[in-house]
1. Answer yes if at least one residue in segment 9-19 is under 13 Å from the mean Cα position of the chain (by Cα) and either at pLDDT 90 or above or closer than 23 Å to residue 89 by Cα (or both), and no otherwise.
2. For residue 13, all conditions in the list (1) surrounded by 15 or more Cβ atoms within 10 Å (Cβ to Cβ); (2) in contact (Cβ under 8 Å) with a residue 24 or more places away in the chain; (3) over 19 Å from residue 81 (Cβ atoms) hold save one; what is the number of the exception?
3. Checking residue 67 against (1) in contact with a strand residue (DSSP E or B) (Cβ under 6 Å, 6 or more places away or on another chain); (2) surrounded by 12 or more Cβ atoms within 10 Å (Cβ to Cβ), only one condition comes out false. Which one?
4. Against the definition (at positive phi and modelled with pLDDT under 95), how does residue 99 come out, yes or no?
5. Give the residues of segment 31-55 that are in contact (Cβ under 8 Å) with a residue 40 or more places away in the chain, under 16 Å from residue 15 (Cα atoms) and surrounded by 12 or more Cβ atoms within 10 Å (Cβ to Cβ), sorted by residue number.
6. For segment 56-96, which residues satisfy the criterion of being in a strand (DSSP E or B) and on the phi < 0 side of the Ramachandran plot?
C-alpha cells in the first residue's frame, strides 16, 4: 500500500462548531479511510497555512482522492494538499535506478 501526507484547513464554520462542541474527528476520518480500503496512521493539528495534517495508507491514489473529495464536499475542510510518499527503501531504489539511466538533456 502507498502512503500519503495530506494537509488541510478547517472552514470557519467547522472551527465554530469545534469550539462550541469539541469532537475527536480522528475516528470518523479513520472510518472513512477504512471503508475505502485504507488506514489512518496519524492525525495532527498544525500551525500556519494548514490546520490539520494526516498520514494515511491506501491501495492507490483514487482511494485517497475519494475520501478527501467526500470530506471537502461536506464543507468542513478546504485548501487540501496531498503528497504521495515513498518509503525510504523505495526512494533509495529509485536513486539507484536513476544512476543507471543514461539521460541526455536537449541541446
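The values are calculated or read from the model by the stated rules, or taken from the named source; none is laboratory data. Keep in mind that this is a model prediction, so the values were computed, not measured. Glycine gets a Cβ as well: all are built from the backbone with ideal geometry, and neighbour counts include every protein chain shown.
1. Within segment 9-19, one or more residues are under 13 Å from the mean Cα position of the chain (by Cα) and either at pLDDT 90 or above or closer than 23 Å to residue 89 by Cα (or both).
2. It is condition (1) that residue 13 fails.
3. (1)
4. no
5. Matches in segment 31-55: 50, 51, 52, 53.
6. Residues satisfying the conditions are 56, 57, 58, 77, 78, 80, 81, 82, 83, 84, 85.
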